[in-house]
1. Restricting attention to the stretch 228-253, which residues are under 20 Å from the mean Cα position of the chain (by Cα) and β-branched (Val, Ile, Thr)?
2. In the stretch 27-111, which strands (runs of 3 or more DSSP E) lie fully inside it and hold 2 or more residues that are farther than 30 Å from Leu283 by Cβ, of a type in the set (Val, Ile, Thr) and touching a strand residue (DSSP E or B) at 6+ places or on another chain (Cβ under 7 Å)?
3. Could you tell me which residue of the stretch 254-284 is surrounded by the most Cβ atoms within 10 Å (Cβ to Cβ), considering only residues that are within 25 Å of the chain's Cα centre (by Cα) and more than 17 Å from Asn28 (Cα to Cα)?
4. Looking at Lys30 and the list (1) in contact (Cβ under 8 Å) with a residue 40 or more places away in the chain; (2) closer than 27 Å to Met230 by Cα; (3) not hydroxyl-bearing (Ser, Thr, Tyr), which single condition is not satisfied?
5. Anything in the stretch 89-115 that is under 12 Å from Val79 (Cβ atoms) and among the aliphatic types (A, V, I, L, M)? List them, or say none.
6. Residue by residue through the stretch 240-273, note down the ones that are free of Cβ contacts under 8 Å to residues at least 40 places away in the same chain, basic (Lys, Arg) and out of contact with any Ser or Thr (no Cβ under 9 Å at 6 or more places or on another chain).
Amino acid sequence: MIQSMTGFGKAVSQTPNKKIKVEIKSLNSKNLDLNIRLSSQYRQKEMEIRKSVAKLLERGKIDVSVYTDFTGEETSTEVNQQIVKGYIKQLKQISDGEDMELLKMAVRMPEAISSQRPEVDTSELNVLLDTIQNALNQVLSYRNQEGLALENDFLIRIKALKALLEEVKKWAPERVEQVKKRLQKSLEELKMEVDQNRFEQEIIYYLEKYDVTEEITRLEHHLDYFLKTMEEPHAMKGKKLAFIAQEIGREINTIGSKSNYALLQQIVVKMKDELEKLKEQLLNVL
C-alpha cells in the first residue's frame, strides 16, 4: 500500500486545570525533518516525543505544535508592592495624574505582578503523551487516504505508459520500411547504381544500430516492477519507486534518441509527459 508523506492531525485533551491541544503537520521531504514546538514545562518529555513521532511517521518535514490554555486556579499571582510603589513614585515626578490612574499604569510595568506555577505532575504528562498519540493516529489516517489517491493516479499513469508502449511496438516495424524507402529514394535521386547486397547490408547495420527491441523489453519490465513494488507490504518505498521511475525514463529517452521516425518521437513525447506527472507525485510518497 502506498502512503503519502502529506498529513495533518489535531487532538485536544482536558486536565483539571488545562486544555492541551496538539497539532501535527507533515509535508514531503527527502529525510526526516522534525520540528517540535513545546512549552518549557514539558521539555523533559521532548526526547520521548521525538522518538514516538519518528517511529510512526518515519519520513517527511514534520511540525509538532503543543498549545496549553489554563482553565483552573493553577497560578499563584502576587503584586510586587515595593516595585509598584516605586513606579508610582517615579510617575508622580513626571505627571500630576490621580493615584488610581498612576496605579493602573504601574501594574502594567515589568515585574509589577509575578505568577508562580507548580511543577507538572505525572498524570498531566501522560495526558500530553496520549494527546500526541491521538494526533499521530490522525496523521497516519490522513496519509493513508492520500496514499490511496496517489496509488490510483500511479495506476492511471502506468496504464497510459503501457498503452503508449504498445503503439511503439505497432509502429516500430513500419519504421524499417520507411528507412528502406528513404534510403532507396536518396540513391535514386543520385542516379547511381549500387550493389543490392551491399545496400541490404547497410540497411541491416542501420536498423541494428537504431533497434529498440531491448529498450522495449526493459521498459515493459520496469513498468511491471513498478506495479509490483506498489503492492508490497508497507515500507518506505518512495525512494525505490523513484529509482524505478528513473530507469523508466532512461529507456524512454533511449527509444526517443534511436527512433529517427517522427511518429515514434511523438509517442515518446507523450510517454515523457506521463512520466513527469508520475515523478511529480512520487515526491509525496513515503
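The values are calculated or read from the model by the stated rules, or taken from the named source; none is laboratory data. Computed from a prediction, not measured in an experiment: that's the story for all the values here. Please note: Cβ atoms are built from the backbone with ideal geometry, for glycine as well, and neighbour counts cover all protein chains shown.
1. Hits for the stretch 228-253 are Thr229, Ile244.
2. Values: elements: 32-37, 60-70, 76-79.
Those strands (runs of 3 or more DSSP E) span 76-79.
3. The first filter runs over the stretch 254-284 and keeps only residues within 25 Å of the chain's Cα centre (by Cα), leaving 271-284.
Narrowing the set further to residues that are more than 17 Å from Asn28 (Cα to Cα) leaves 271-276.
Values: Met271: 25, Lys272: 15, Asp273: 13, Glu274: 19, Leu275: 20, Glu276: 13.
Among those that are within 25 Å of the chain's Cα centre (by Cα) and more than 17 Å from Asn28 (Cα to Cα), it is Met271.
4. Status for Lys30: all satisfied but (1).
5. Of everything in the stretch 89-115, those that are under 12 Å from Val79 (Cβ atoms) and among the aliphatic types (A, V, I, L, M) turn out to be Leu103, Ala106, Val107, Met109, Ala112, Ile113.
6. Residues satisfying the conditions are Arg250, Lys272.
Rundown of residues vs (1) at pLDDT 80 or above; (2) in contact with a helix residue (DSSP H, G or I) (Cβ under 8 Å, 6 or more places away or on another chain), yes/no style:
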residue: Ser65; (1), (2): yes, no
residue: Val79; (1), (2): no, no
residue: Gln82; (1), (2): yes, no
residue: Leu102; (1), (2): no, yes
residue: Val107; (1), (2): no, yes
residue: Ser115; (1), (2): no, no
